[in-house]
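Colleague: Can you read through this structure? Questions will come right after.
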Amino acid sequence: MQVNILCKNIDETDELAKKFARLIEDKGAFICLYGDVGAGKTAFTKCVCKYLNVKEKVTSPSFVILNEYKTGKIPIYHFDLYRLEKEGISTIINELEEYSEGKILTLVEWAEFSQNALPFERIDININYIDENKREFIFTPIGGKNIEIINGLKYENTSL
């Protein structure tokens, strides 16, 4: 089961992020973000954080590996695995596992570098760059816990 959503511009991406934030704000989630450079992983994350009332400036954690945002509705942990090599990933896998539990939001950019060692219960979001403005978002629940969120997104998508 997956939900595919085409956003024709940044306003539609912002609206999608608003709906997604509303669906996870009471539960939390572990999110793996996939997509090429410039696909919109950080842009989507910024929009979700905005709707979770994060007060800090949301930036890509490319050079620091992890940004934490604690001023919103739920704690948010924003990882970027791009610069980690195999040995680097192995040093944070246990830490990532801890960030998959409880009422928190964990977003992992460049999750493909995890060597399939990320928590089983998660939502994979593939972002495909169509053109300068358009993006296709593919939401896939991994494990049973997040099916309700994806079903909610499917229902909410009718107005996009």
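Colleague: When the residues of segment 100-117 are filtered to those that are crowded, with 22+ Cβ neighbours inside 10 Å and within 18 Å of Lys27 (Cβ to Cβ), which remaining residue is nearest to the chain's Cα centre (by Cα)?
Modeller: Per the criteria, the residue is Leu107.
Colleague: Can you name the residue in segment 118-160 that is among the basic types (Lys, Arg) and part of a loop (DSSP other than H, G, I, E, B) and, of all such residues, is modelled with the highest pLDDT?
Modeller: Going through the qualifying residues, I end up with Lys134.
Colleague: Looking only at residues in segment 1-46 that are aromatic (Phe, Trp, Tyr) and in contact with a Lys or Arg (Cβ under 9 Å, 6 or more places away or on another chain), which one is surrounded by the most Cβ atoms within 10 Å (Cβ to Cβ)?
Modeller: Looking at the filtered set, the residue picked out is Phe30.
Colleague: On to the next question. Could you tell me whether any residue of segment 9-16 is of a type in the set (S, T, N, Q) and out of contact with any strand residue (DSSP E or B) (no Cβ under 7 Å at 6 or more places or on another chain)?
Modeller: yes
Colleague: In addition: Residues Cys32, Cys49: which one is within 13 Å of the chain's Cα centre (by Cα), over 20 Å from Asn133 (Cα atoms) and in contact (Cβ under 8 Å) with a residue 40 or more places away in the chain?
Modeller: Details: Cys49 fails: in contact (Cβ under 8 Å) with a residue 40 or more places away in the chain.
Going through Cys32, Cys49 in turn, just one is within 13 Å of the chain's Cα centre (by Cα), over 20 Å from Asn133 (Cα atoms) and in contact (Cβ under 8 Å) with a residue 40 or more places away in the chain: Cys32.
Colleague: If a residue must be crowded, with 17+ Cβ neighbours inside 10 Å and farther than 18 Å from Thr45 by Cβ, how many such residues does segment 126-144 contain?
Modeller: 1
Colleague: Within segment 30-42, which residues are at negative phi and either among the polar types (S, T, N, Q) or touching a helix residue (DSSP H, G or I) at 6+ places or on another chain (Cβ under 7 Å) (or both)?
Modeller: To start, the set of residues in segment 30-42 that are at negative phi comprises 30-34, 36-37, 39, 41-42.
Of everything in segment 30-42, those that are at negative phi and either among the polar types (S, T, N, Q) or touching a helix residue (DSSP H, G or I) at 6+ places or on another chain (Cβ under 7 Å) (or both) turn out to be Cys32, Leu33, Tyr34, Thr42.
Colleague: Which ones in segment 26-41 are touching a strand residue (DSSP E or B) at 6+ places or on another chain (Cβ under 7 Å) and among the hydrophobic types (A, V, I, L, M, F, W, C)?
Modeller: Passing the criteria: Ala29, Phe30, Ile31, Cys32, Leu33, Ala39.
Colleague: Go through the residues of segment 53-62 one by one and say whether even a single one is on the phi > 0 side of the Ramachandran plot and surrounded by 18 or more Cβ atoms within 10 Å (Cβ to Cβ).
Modeller: Taking segment 53-62 as the starting set, the residues that turn out to be on the phi > 0 side of the Ramachandran plot are 53.
Filter again for surrounded by 18 or more Cβ atoms within 10 Å (Cβ to Cβ), leaving none.
No - not one qualifying residue is present in segment 53-62.
The values are calculated or read from the model by the stated rules, or taken from the named source; none is laboratory data. Please read these numbers as outputs of a predicted model, since none were measured by experiment. As a convention, Cβ positions derive from the backbone with ideal geometry for all residues, glycine included, and neighbour counts pool all protein chains shown.
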